[in-house]
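Note sheet for the following structure.
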Amino acid sequence: MVIDQACGMVMVLAPCRRGPATNLLVDISRQCNTSLPDVAAAVVAAWEEEGDSPLMQRALRRLYAEDRGCDSPLTDEPSGRSRS
């Protein structure tokens, strides 16, 4: 399912857990007045075009931080991944 795929991509790039990733996609869907499947498809398409680009990582981290109302997307949400 495209929503699950997009959620996984947000989890990798933000980084965050599944719940916050899903919430972020839902919030974007509401703010843009666009269906969740369409938002998810756009995330997947951007991933396929840009891959694991620094620009995409920064954009998702910023959206995630804004969604949580904090300066850092990593606050209180350990991803289990080491940072390099």
³J(HN,Hα) computed for each position of the stretch 9-15 - Karplus, 6.51 cos²θ - 1.76 cosθ + 1.60, integer Hz, glycine/proline x
5, 4, 4, 6, 7, 6, x
Gain on full stretching of the segment that runs from ARG18 to GLU66 - 0.36 nm per residue minus C-alpha separation
15.6 nm
Gain on full stretching of the segment that runs from GLN5 to ALA59 - 0.36 nm per residue minus C-alpha separation
17.7 nm
At a probe size of 1.4 Å, how large is the accessible area of GLU48, to the nearest 10 Å²?
130
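The values are calculated or read from the model by the stated rules, or taken from the named source; none is laboratory data. Since the structure is predicted, the reported quantities are computational estimates derived from the model, not experimental observations. In case anyone asks, the SASA skips ligands and DNA or RNA and just uses the protein heavy atoms, side chains included. Shrake-Rupley method; radii C 1.70, N 1.55, O 1.52, S 1.80 Å.
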